[in-house]
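J.: Structure incoming, see below.
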């Protein structure tokens with residue numbers, strides 16, 4: 001029988017594999033969208049379950065049949081718009097040139113940042129290159145036992161900065177729901193900080209094969225670390241941090257956006273989370289991050305597969321997860 005071998009696994013795109021600087025993922029760029037709308041949303045990861053749907057993928061071998069699909073549940077309480085941020089691009093990057101804050105900030109926002117005394121920093125709307133809205137979540141409306149909101153920026157779509165700024169002003173001080181941003185069947189990108197696994201060896205971290213039983217030393221290490229002189233490469237699989245890193249997943253499909261929580265809460269609630277109290281989201285497949293962690297969803301950055309409409313959900317598992 002031939003000897004089973006396993007090459008080094010793991011993309012070199014993510015290097016060094018260090019811990020994320022913040023538990024909330026950061027989005028640096030937003031895709032260009034001509035429609036006037038908010039380009040993202042955020043929800044708390046509840047857990048996973050399975051559903052039955054009528055397969056409507058155009059090229060699927062099970063088209064028209066009822067299939068079982070694993071889904072991730074996100075609880076999405078409404079987010080509130082705290083301000084409008086104006087940016088200008090130059091040779092050195094983007095710089096904030098002005099901001100407008102609402103007078104209707106919740107008192108919990110002061111837990112995260114100092115509430116500005118001035119409602120507006122004057123600027124010329126003709127001198128801006130990009131517009132974003134500053135929003136904050138409402139975790140107190142969920143059952144996760146948290147009061148401090150997350151504060152972050154979301155992109156705004158529009159044909160030009162002037163239109164984006166006018167649209168952002170209409171949202172100032174208002175609540176935005178998940179149903180106002182996304183709809184059933186849409187393709188989105190997810191950005192989150194993955195579940196941390198701490199210090200792990202090269203076998204678990206990079207998937208290398210175990211060494212022979214005749215190996216003089218440990219069987220769970222790489223065979224060679226490189227030459228004595230010259231390049232001792234960082235490409236060699238070593239032990240190190242695994243998990244708790246920001247990752248972006250492309251083209252995740254939204255199966256269902258629901259309001260009736262009785263159709264999703266299992267008996268006894270979800271493990272390590274509890275019961276869902278707000279609007280919820282069912283996303284096909286798994287999403288990065290631990291339970292109760294904030295996951296951001298954005299409009300897709302790549303060409304998406306052609307799916308005409310959302311699949312018909314025939315069954316949602318409410319079996320106890322305990």
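J.: Quickly run through the range 126-139 and pick out the residues that are in a helix (DSSP H, G or I) and exposed (fewer than 15 other Cβ atoms within 10 Å of the Cβ). Break it down into steps so the answer makes sense when it comes.
T.: Looking only at the range 126-139, we keep the residues that are in a helix (DSSP H, G or I), and these are 126-127, 139.
Those that are in a helix (DSSP H, G or I) and exposed (fewer than 15 other Cβ atoms within 10 Å of the Cβ): 126, 127.
J.: Quick one: is residue 276 modelled with pLDDT of 95 or more, crowded, with 18+ Cβ neighbours inside 10 Å, in a loop (DSSP other than H, G, I, E, B) and touching a strand residue (DSSP E or B) at 6+ places or on another chain (Cβ under 7 Å)?
T.: Taking the combined requirement at face value, the residue satisfies it.
J.: Just name the residue that is farthest from residue 275 (Cα to Cα) out of those in the range 72-95 that are outside any loop (DSSP other than H, G, I, E, B) and out of contact with any strand residue (DSSP E or B) (no Cβ under 6 Å at 6 or more places or on another chain).
T.: Going residue by residue through the range 72-95, those that are outside any loop (DSSP other than H, G, I, E, B) are 72-75, 79-90, 93-95.
Of the ones still in play, those that are also out of contact with any strand residue (DSSP E or B) (no Cβ under 6 Å at 6 or more places or on another chain) are 89-90, 93.
Working: 89: 44, 90: 48, 93: 44 Å.
Out of the qualifying residues, it is 90.
J.: Answer yes or no: is there a residue in the range 311-320 that is crowded, with 16+ Cβ neighbours inside 10 Å, under 19 Å from the mean Cα position of the chain (by Cα) and assigned to a strand (DSSP E or B).
T.: For the range 311-320, residues crowded, with 16+ Cβ neighbours inside 10 Å, under 19 Å from the mean Cα position of the chain (by Cα) and assigned to a strand (DSSP E or B): absent.
Listed here are the residues, each with its yes/no results for (1) out of contact with any helix residue (DSSP H, G or I) (no Cβ under 9 Å at 6 or more places or on another chain); (2) farther than 21 Å from residue 299 by Cα.
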| residue | (1), (2) |
| --- | --- |
| 123 | yes, yes |
| 126 | no, yes |
| 132 | no, no |
| 147 | no, yes |
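J.: Can you find even one residue in the range 206-225 that is surrounded by 14 or more Cβ atoms within 10 Å (Cβ to Cβ), at pLDDT 85 or above and under 25 Å from the mean Cα position of the chain (by Cα)?
T.: Among the residues of the range 206-225, at least one is surrounded by 14 or more Cβ atoms within 10 Å (Cβ to Cβ), at pLDDT 85 or above and under 25 Å from the mean Cα position of the chain (by Cα), which makes the answer yes.
To keep it simple, each residue is scored yes or no on (1) part of a loop (DSSP other than H, G, I, E, B); (2) over 30 Å from residue 100 (Cβ atoms).
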residue	(1), (2)
163	no, no
166	no, no
173	yes, no
199	no, yes
205	no, yes
247	no, yes
253	no, yes
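J.: Determine if the range 281-290 includes at least one residue that is at pLDDT 95 or above, surrounded by 13 or more Cβ atoms within 10 Å (Cβ to Cβ), touching a helix residue (DSSP H, G or I) at 6+ places or on another chain (Cβ under 7 Å) and within 23 Å of residue 146 (Cα to Cα). Walk me through how you get there before you give the answer.
T.: Going through the range 281-290, the residues at pLDDT 95 or above turn out to be 281-290.
Imposing the further condition that a residue be surrounded by 13 or more Cβ atoms within 10 Å (Cβ to Cβ) reduces the set to 281-290.
With touching a helix residue (DSSP H, G or I) at 6+ places or on another chain (Cβ under 7 Å) added as a condition, the list becomes 281.
Among the residues that remain, those that are also within 23 Å of residue 146 (Cα to Cα) are: 281.
Within the range 281-290, one or more residues are at pLDDT 95 or above, surrounded by 13 or more Cβ atoms within 10 Å (Cβ to Cβ), touching a helix residue (DSSP H, G or I) at 6+ places or on another chain (Cβ under 7 Å) and within 23 Å of residue 146 (Cα to Cα).
J.: Name the single residue that is surrounded by the most Cβ atoms within 10 Å (Cβ to Cβ) among those in the range 109-124 being modelled with pLDDT under 80 and assigned to a loop (DSSP other than H, G, I, E, B).
T.: Within the range 109-124, the subset modelled with pLDDT under 80 is 116-124.
Applying the additional criterion that residues be assigned to a loop (DSSP other than H, G, I, E, B) yields 116-119, 122-124.
On the way: 116: 13, 117: 6, 118: 9, 119: 12, 122: 9, 123: 16, 124: 10.
My answer is 123.
Residue by residue, here is whether (1) over 30 Å from residue 259 (Cβ atoms); (2) surrounded by 14 or more Cβ atoms within 10 Å (Cβ to Cβ) holds:
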position: 16; (1), (2): yes, no
position: 30; (1), (2): no, yes
position: 64; (1), (2): no, no
position: 77; (1), (2): no, yes
position: 92; (1), (2): yes, no
position: 104; (1), (2): no, no
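J.: Would you confirm whether any residue within the range 17-24 is in contact (Cβ under 8 Å) with a residue 60 or more places away in the chain, closer than 30 Å to residue 212 by Cα and under 22 Å from the mean Cα position of the chain (by Cα)?
T.: Initial filter on the range 17-24 (in contact (Cβ under 8 Å) with a residue 60 or more places away in the chain): 17-20, 22-24.
Next cut, closer than 30 Å to residue 212 by Cα only: 17.
Those still in the list that are under 22 Å from the mean Cα position of the chain (by Cα) too: 17.
Yes, the conditions are met somewhere in the range 17-24.
J.: Quick one: in the range 45-62, which of the residues that are touching a residue at least 24 places away in the same chain (Cβ under 8 Å) and either touching a helix residue (DSSP H, G or I) at 6+ places or on another chain (Cβ under 7 Å) or in a loop (DSSP other than H, G, I, E, B) (or both) is farthest from residue 292 (Cα to Cα)? Talk me through it step by step, then tell me what you get.
T.: First, pick out the residues of the range 45-62 that are touching a residue at least 24 places away in the same chain (Cβ under 8 Å): 45-58.
When the remaining residues are screened for being either touching a helix residue (DSSP H, G or I) at 6+ places or on another chain (Cβ under 7 Å) or in a loop (DSSP other than H, G, I, E, B) (or both), the result is 55-58.
Values: 55: 30, 56: 31, 57: 31, 58: 35 Å.
Among them, the one singled out is 58.
J.: Here's a follow-up. Is there any pair with a first residue in the range 300-319 that is not assigned by TED's automatic domain parsing to the domain that holds residue 269 and a second that is assigned to a loop (DSSP other than H, G, I, E, B) and surrounded by 14 or more Cβ atoms within 10 Å (Cβ to Cβ) whose Cβ atoms are under 8 Å apart and which are 6 or more apart or on different chains, and what are they?
T.: No pair meets every condition.
J.: Separate question: Give the residue, chosen from 193, 181, that is more than 28 Å from residue 88 (Cα to Cα) and touching a strand residue (DSSP E or B) at 6+ places or on another chain (Cβ under 8 Å). Break it down into steps so the answer makes sense when it comes.
T.: Working: 181 fails: more than 28 Å from residue 88 (Cα to Cα).
Selected residue: 193, the only one of 193, 181 that is more than 28 Å from residue 88 (Cα to Cα) and touching a strand residue (DSSP E or B) at 6+ places or on another chain (Cβ under 8 Å).
The values are calculated or read from the model by the stated rules, or taken from the named source; none is laboratory data. No experiment lies behind these values; they were computed from the predicted model shown. Positions of Cβ are backbone-derived with ideal geometry, glycine not excepted, and every protein chain shown enters the neighbour counts.
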